[in-house]
1. Considering region 405-417 alone, what residues qualify as being in contact (Cβ under 8 Å) with a residue 60 or more places away in the chain and either open to solvent by 10 Å² or more (accessible area, probe 1.4 Å) or not in a helix (DSSP H, G or I) (or both)?
2. State which residue is surrounded by the fewest Cβ atoms within 10 Å (Cβ to Cβ) when the search covers only region 99-129 and only residues that are among the polar types (S, T, N, Q) and farther than 19 Å from ALA54 by Cα.
3. Only one of THR213, THR186 is out of contact with any strand residue (DSSP E or B) (no Cβ under 9 Å at 6 or more places or on another chain) and closer than 14 Å to ALA54 by Cβ; which?
4. Quick one: which residue in ALA269, ALA279 is crowded, with 20+ Cβ neighbours inside 10 Å, at pLDDT below 80, at negative phi and in a helix (DSSP H, G or I)?
5. Among helices (runs of 4 or more DSSP H) lying entirely in region 96-161, which contain 3 or more residues that are under 22 Å from SER47 (Cα atoms)?
6. What pairs come up if the first residue lies in region 325-342 and is crowded, with 22+ Cβ neighbours inside 10 Å, the second is outside any helix (DSSP H, G or I), and their beta carbons are under 7 Å apart, counting only those six or more places apart or on different chains?
7. Give the number of residues within region 343-392 that are surrounded by fewer than 22 Cβ atoms within 10 Å (Cβ to Cβ), farther than 25 Å from GLN56 by Cβ and not aliphatic (A, V, I, L, M).
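The values are calculated or read from the model by the stated rules, or taken from the named source; none is laboratory data. This one's a predicted model, so the numbers in the text were calculated from it and none came from an experiment. Note: ideal-geometry Cβ built from the backbone for every residue, glycine included; neighbour counts use all protein chains shown. Quick note on the areas: whole protein, heavy atoms, side chains included, nothing else; ligands and nucleic acids left out. Shrake-Rupley method; radii C 1.70, N 1.55, O 1.52, S 1.80 Å.
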Amino acid sequence: MADSTPLLLSRSDSSNESKQPPSLDETIEHCIGEFGLGQLLQAILVSFAWVFDAQQTFISVFTDAQPTWHYTSTHSCTSVSDICQIPQNSWAWDRPNDTSIISEWGLQCATSIIKGLPASSFFMGCLIGGLILATLADSFLGRKNLLFLSCIMMSLSGLLTVFANNIWIYSALKFVNGFGRATIGTCALVLSTELVGKRWRGQVGVIGFFCFTLGFLTLPAFAYINRGSSWRNLYLWTSIPTIFYCILVHFLVRESPRWLFVRGRKQEAVSILKSIATAKSSGVLMSFSNLEFGQESWNVDTYSAIKILLKKKWACRRLVTVMAVAFGIGLVYYGMPLGLGNLSFNLYLSVTFNALSELPSSLVTFFLVDKLNRKDSLLVFTALSGVCSIFSVVMGETSANLQMGLELVSFFSACTAFNVSLIYTLELFPTCVRNSAISMARQSLVFGGMFSPLLVAAGSKNGFMSYGIFGLVIGLCGLFVICLPETRGKTLCDTMDEEEYKERSTCIGATRI
């Protein structure tokens, strides 16, 4: 009679376990080391996509801004502050009409829905684009090809935006722009971290966060240089460099060996590992052609990765939980920069301060990612962001400086929670569905951001409708992280069976204790 003992349970036996071949993690580290020059160059080049991602995400802060205006000499009543309540020939814009879409297309008296339509269209494009493109990186397209496709789509749509002549065409192009950039951050993060050992994947992931900060910082600089010029120049300055970057991605970026292995493309993966190992050190050589692994290839068709995640109860539970946490983070992360126009600070300075707050956030993540538990970190930063966001509304009437300070602390906390949540998510799921899982988490972030323009518009009259709701939502959503397992220092799995076995082993160990 054949042995009916389940394969996963039989692996718990110590004698059998000692005969298990090395994991993909162990094999990659043995071939090329945990972290080397080849991996560093690959990570930097891939992560640079975040620069252009940040610029397109927040560019509407300047291009769609409400311009300042002044009374002309023909009007004597200066007590009216609403531009729509005075004759059109009694006021004029401080700068040329084409410095903003509001002044160029005469949208100063339009409803908040019309004014916020381009930004909402962008986030709607991000949401739909992420849902459609989410699993392509895990299925036939791969990490590198999807990164190239997303970048070229984002850059070309941004370039075409220059020719928009009304709010409707502009909003449609913003939708395409958001659709294209939806998976850039996900592909860049996964592609850069799947090539290094577990000790360095947190630090490598933070490289992308630094690049995002760089893109965020360069945006107000570009906007200030072009402050008296057409808003179209800002799209030119950010779209044309992205096209050149796409060329570099196509010719210089390597595909993830992990993804190639689980797709059954062993020879391609071995070739990439060998080239990196040779570039790193000629002494790290082995018989690549005889590599064997303890897991089988995991081929998935388009969108089947999502089905796999939903089919497994533990995977579905993790996915729903990280998406709930991400929704609260996204509402604050995307909403606060959009709401800076409601503050009394100079717009260029306030955006610069918010961009600069991402730098210490990335530094905190970089230096402490190996020391901080994922769950505890998310709980602390989401709670801190929520409290400071609510207090910024309460204290705003007392001091504008204090309000700005609280806003910066809240945004810094949300940025750090954003960084930790992405690293946490990639550690929670195996290679075969990792890109899809992170994509779904990012879609939840974007879904939160989609509501932010509406809350920002309502917050122009009642501050609690924006910053107050931001704080409540992120604080409550952060509590969901309690349901997740801790992953700090754990080995990345490559298949669902391997991840499930690890979870069962953890549960058995906890029960014995």
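1. The answer is none; no residue qualifies.
2. THR111
3. Exactly one of THR213, THR186 is out of contact with any strand residue (DSSP E or B) (no Cβ under 9 Å at 6 or more places or on another chain) and closer than 14 Å to ALA54 by Cβ, namely THR213.
4. Every option except ALA269 fails the conditions.
5. It comes to 117-133, 142-160.
6. GLY335/SER466; GLY339/SER466
7. Here the count works out to 8.
One line per residue, one yes/no per condition, for (1) modelled with pLDDT of 85 or more; (2) of a type in the set (Val, Ile, Thr):
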{"residue": "GLN403", "(1), (2)": "no, no"}
{"residue": "LEU406", "(1), (2)": "yes, no"}
{"residue": "VAL409", "(1), (2)": "yes, yes"}
{"residue": "SER413", "(1), (2)": "yes, no"}
{"residue": "ASN419", "(1), (2)": "yes, no"}
{"residue": "TYR424", "(1), (2)": "yes, no"}
{"residue": "GLU427", "(1), (2)": "yes, no"}
{"residue": "SER439", "(1), (2)": "no, no"}
{"residue": "GLN443", "(1), (2)": "no, no"}
